[in-house]
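This report refers to the structure that appears directly beneath it.
The values are calculated or read from the model by the stated rules, or taken from the named source; none is laboratory data. In this text the structure is predicted, and so the values were computed from the model without any measurement. Please note: Cβ atoms are built from the backbone with ideal geometry, for glycine as well, and neighbour counts cover all protein chains shown. These accessible areas exclude ligands, DNA and RNA; they are computed on the full protein's heavy atoms, side chains included. Shrake-Rupley method; radii C 1.70, N 1.55, O 1.52, S 1.80 Å.
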Amino acid sequence: MKRVLIVNGPNLNLLGFREESIYGGRSLEEINKGLEKTAAGKGIELSFFQSNSEGSIIDRLHQSIGKQDFIILNAGALTHYSYSLRDAVVSIKIPVIEVHLSNIFKREEWRQKSVISEVAAGIICGFGDKGYALALEYISWL
Ligand code: DQA
(Lines give C-alpha, C1' and ligand atoms only; values in the text may rest on other atoms or scores of the structure.)
Protein backbone atom coordinates (compact mmCIF):
# COMPACT_ATOMS: atom_id res chain seq x y z
CA MET A 1 0.00 0.00 0.00
CA LYS A 2 1.17 3.53 -0.79
CA ARG A 3 0.37 5.89 2.04
CA VAL A 4 -0.73 9.32 0.86
CA LEU A 5 -1.60 12.35 2.96
CA ILE A 6 -3.65 15.14 1.38
CA VAL A 7 -2.97 18.47 3.05
CA ASN A 8 -5.09 21.57 2.49
CA GLY A 9 -4.07 24.93 3.87
CA PRO A 10 -5.79 28.19 4.81
CA ASN A 11 -9.34 28.89 3.63
CA LEU A 12 -9.67 25.60 1.80
CA ASN A 13 -12.14 24.48 4.50
CA LEU A 14 -14.48 26.99 2.81
CA LEU A 15 -14.45 25.28 -0.59
CA GLY A 16 -17.96 25.17 -2.04
CA PHE A 17 -18.79 28.49 -0.36
CA ARG A 18 -15.75 30.58 -1.15
CA GLU A 19 -15.35 32.22 -4.61
CA GLU A 20 -17.20 29.40 -6.35
CA SER A 21 -16.48 30.80 -9.82
CA ILE A 22 -12.77 30.21 -9.15
CA TYR A 23 -12.71 27.19 -6.85
CA GLY A 24 -15.93 25.37 -7.77
CA GLY A 25 -19.02 24.40 -5.84
CA ARG A 26 -17.84 21.26 -4.07
CA SER A 27 -17.02 21.27 -0.38
CA LEU A 28 -13.73 19.86 0.87
CA GLU A 29 -15.66 17.01 2.49
CA GLU A 30 -17.28 16.14 -0.86
CA ILE A 31 -13.94 16.33 -2.63
CA ASN A 32 -12.30 14.10 -0.04
CA LYS A 33 -15.11 11.53 -0.25
CA GLY A 34 -14.61 11.41 -4.03
CA LEU A 35 -10.87 10.94 -3.54
CA GLU A 36 -11.52 7.96 -1.25
CA LYS A 37 -13.32 6.38 -4.22
CA THR A 38 -10.49 7.28 -6.59
CA ALA A 39 -7.93 5.73 -4.23
CA ALA A 40 -9.92 2.52 -3.73
CA GLY A 41 -8.49 -0.28 -5.80
CA LYS A 42 -5.34 1.69 -6.58
CA GLY A 43 -3.39 0.39 -3.59
CA ILE A 44 -3.48 3.81 -1.94
CA GLU A 45 -4.23 4.43 1.73
CA LEU A 46 -5.43 8.02 2.15
CA SER A 47 -5.34 10.42 5.08
CA PHE A 48 -6.57 14.00 5.10
CA PHE A 49 -5.52 17.13 6.94
CA GLN A 50 -6.71 20.72 6.70
CA SER A 51 -5.60 23.65 8.78
CA ASN A 52 -5.71 27.42 8.58
CA SER A 53 -2.55 27.60 10.65
CA GLU A 54 0.92 27.49 9.13
CA GLY A 55 2.49 25.92 12.22
CA SER A 56 -0.08 23.12 12.39
CA ILE A 57 0.57 22.26 8.75
CA ILE A 58 4.32 22.18 9.36
CA ASP A 59 3.80 20.02 12.47
CA ARG A 60 1.67 17.60 10.45
CA LEU A 61 4.34 17.39 7.74
CA HIS A 62 6.96 16.59 10.39
CA GLN A 63 4.69 13.89 11.87
CA SER A 64 4.47 12.31 8.41
CA ILE A 65 8.11 11.21 8.45
CA GLY A 66 8.14 7.42 8.34
CA LYS A 67 4.33 7.35 8.12
CA GLN A 68 3.54 8.65 4.62
CA ASP A 69 5.00 7.80 1.22
CA PHE A 70 3.63 10.84 -0.62
CA ILE A 71 2.01 14.13 0.25
CA ILE A 72 -0.39 16.06 -1.94
CA LEU A 73 -0.27 19.68 -0.81
CA ASN A 74 -2.53 22.60 -1.57
CA ALA A 75 -1.04 25.20 0.72
CA GLY A 76 -3.49 27.96 -0.30
CA ALA A 77 -1.95 31.41 -0.03
CA LEU A 78 0.97 30.05 2.04
CA THR A 79 2.19 28.74 -1.32
CA HIS A 80 3.23 32.22 -2.30
CA TYR A 81 5.31 33.30 0.69
CA SER A 82 5.84 30.63 3.36
CA TYR A 83 9.55 29.86 3.48
CA SER A 84 8.94 27.84 6.66
CA LEU A 85 6.58 25.56 4.77
CA ARG A 86 9.06 25.34 1.90
CA ASP A 87 11.79 24.30 4.34
CA ALA A 88 9.48 21.72 5.91
CA VAL A 89 8.80 20.20 2.47
CA VAL A 90 12.55 19.80 1.93
CA SER A 91 13.23 18.59 5.47
CA ILE A 92 10.76 15.70 5.59
CA LYS A 93 12.27 13.89 2.55
CA ILE A 94 8.82 12.79 1.36
CA PRO A 95 7.83 13.57 -2.24
CA VAL A 96 5.29 16.40 -2.24
CA ILE A 97 2.96 17.03 -5.15
CA GLU A 98 1.75 20.63 -5.21
CA VAL A 99 -1.88 21.07 -6.27
CA HIS A 100 -3.98 24.17 -6.89
CA LEU A 101 -7.56 24.20 -8.04
CA SER A 102 -7.06 27.41 -10.01
CA ASN A 103 -4.38 28.10 -12.58
CA ILE A 104 -2.21 30.34 -10.41
CA PHE A 105 -0.20 31.42 -13.47
CA LYS A 106 -3.10 33.27 -15.01
CA ARG A 107 -4.17 35.09 -11.87
CA GLU A 108 -2.77 38.06 -9.93
CA GLU A 109 0.97 38.56 -10.23
CA TRP A 110 1.58 37.72 -6.54
CA ARG A 111 -0.10 34.34 -7.01
CA GLN A 112 2.11 33.42 -9.94
CA LYS A 113 5.07 32.82 -7.63
CA SER A 114 5.17 29.61 -5.59
CA VAL A 115 7.96 29.10 -3.07
CA ILE A 116 6.93 25.42 -2.91
CA SER A 117 7.25 24.50 -6.61
CA GLU A 118 11.05 24.39 -6.70
CA VAL A 119 11.08 21.78 -3.92
CA ALA A 120 7.96 19.87 -5.01
CA ALA A 121 8.08 16.63 -6.99
CA GLY A 122 5.64 18.25 -9.43
CA ILE A 123 2.79 20.68 -9.70
CA ILE A 124 -0.78 20.32 -10.96
CA CYS A 125 -2.95 23.41 -11.26
CA GLY A 126 -5.93 24.76 -13.12
CA PHE A 127 -8.04 21.60 -13.24
CA GLY A 128 -10.26 22.37 -10.25
CA ASP A 129 -10.66 19.66 -7.63
CA LYS A 130 -9.76 17.05 -10.26
CA GLY A 131 -6.15 18.07 -9.64
CA TYR A 132 -6.09 16.02 -6.43
CA ALA A 133 -7.36 12.95 -8.31
CA LEU A 134 -4.74 13.51 -11.03
CA ALA A 135 -2.04 13.51 -8.37
CA LEU A 136 -3.39 10.20 -7.00
CA GLU A 137 -3.45 8.79 -10.52
CA TYR A 138 0.22 9.71 -10.97
CA ILE A 139 1.12 8.09 -7.64
CA SER A 140 -0.73 4.91 -8.67
CA TRP A 141 1.52 4.61 -11.75
CA LEU A 142 4.73 4.57 -9.72
C1 DQA B 1 -5.16 28.04 -4.32
C2 DQA B 1 -4.56 29.29 -4.97
C3 DQA B 1 -4.03 30.24 -3.92
O4 DQA B 1 -3.51 31.41 -4.54
C5 DQA B 1 -5.14 30.67 -2.99
O6 DQA B 1 -4.63 31.50 -1.98
C7 DQA B 1 -5.88 29.53 -2.42
C8 DQA B 1 -6.21 28.40 -3.29
C9 DQA B 1 -5.83 27.11 -5.34
O10 DQA B 1 -6.11 25.97 -4.99
O11 DQA B 1 -6.09 27.53 -6.48
O12 DQA B 1 -6.28 29.54 -1.26
O13 DQA B 1 -4.12 27.31 -3.70
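Using a Förster radius of 41 Å, what is the FRET efficiency between Ala40 and Phe105 based on their Cβ-Cβ separation? Nearest 0.05, please. The computed FRET efficiency comes out at 0.80. Can you give me the % of accessible surface on the range 6-139 that is carbon or sulfur? Probe 1.4 Å, all protein chains present, nothing else counted. Result for the range 6-139: 51 percent of the exposed heavy-atom area is carbon or sulfur. In this simple spin-label approximation, Val90 and Phe48 carry label points 7 Å from Cα along the Cα→Cβ vector, and these lie 3.2 nm apart. In µm²/s, what is D for the range 41-142 at 25 °C and 0.890 mPa s, where D = kT/(6 pi eta Rh) by Stokes-Einstein and Rh is the Kirkwood radius from Cα pairs? The Stokes-Einstein estimate is 176 µm²/s. From the P(r) of the range 1-67, can you give the percent of Cα pairs sitting at distances over 18 Å? Here the long-distance tail beyond 18 Å is 46 percent of all Cα pairs in the range 1-67. Sorting 117-125, 95-103 by their mean Cβ neighbour count within 10 Å, with the most densely packed peptide first, gives 95-103, 117-125. Scanning residues 5 or more positions from Phe48 or on other chains, those with amide H under 5 Å from its amide H are Ile6, with H placed 1.01 Å from N in the peptide plane. Mean residue ellipticity at 222 nm, helices only, the chain: -9500 deg cm²/dmol; runs of at least 4 DSSP H residues each add -39,500 (n - 2.57), and the sum is divided by the number of residues.
Debye-formula intensities of the range 68-107, expressed as log10 I(q)/I(0) at q = 0.18, 0.24, 0.26, 0.30 Å⁻¹, are -0.53, -0.86, -0.96, -1.12 (one equal scatterer per alpha-carbon, no solvent). On a per residue basis, the range 1-69 carries 54 Å² of accessible surface, using protein heavy atoms and a 1.4 Å probe. Candidates Tyr83, Ile104, Gly41 compared by Cα position along the dipole of the chain: farthest toward the positive end lies Gly41, with charges placed on Cβ.
The slack in the chain from Asp69 to Gln112, taken as 0.36 nm per residue of separation less the alpha-carbon distance, amounts to 12.7 nm.
Per residue, the accessible area of the range 71-138 comes to 46 Å², computed with a 1.4 Å probe over protein heavy atoms only. Protection proxy ranking, highest mean first, for peptides 73-81, 22-30: 73-81, 22-30, where packing is the per-residue count of other beta-carbon atoms within 10 Å, averaged. Charge dipole of the range 1-111 (Cα centre as origin; +1 on each Lys and Arg Cβ, -1 on each Asp and Glu Cβ, all else neutral): 320 debye, rounded to the nearest 20. Longer than 23 Å from Cα to Cα, which of Lys2/Lys113; Lys106/Lys130; Lys67/Lys93; Lys2/Lys93; Lys42/Lys67 are they? Say none if no pair is. Checking Cα-Cα distances, Lys2/Lys113 exceed 23 Å.
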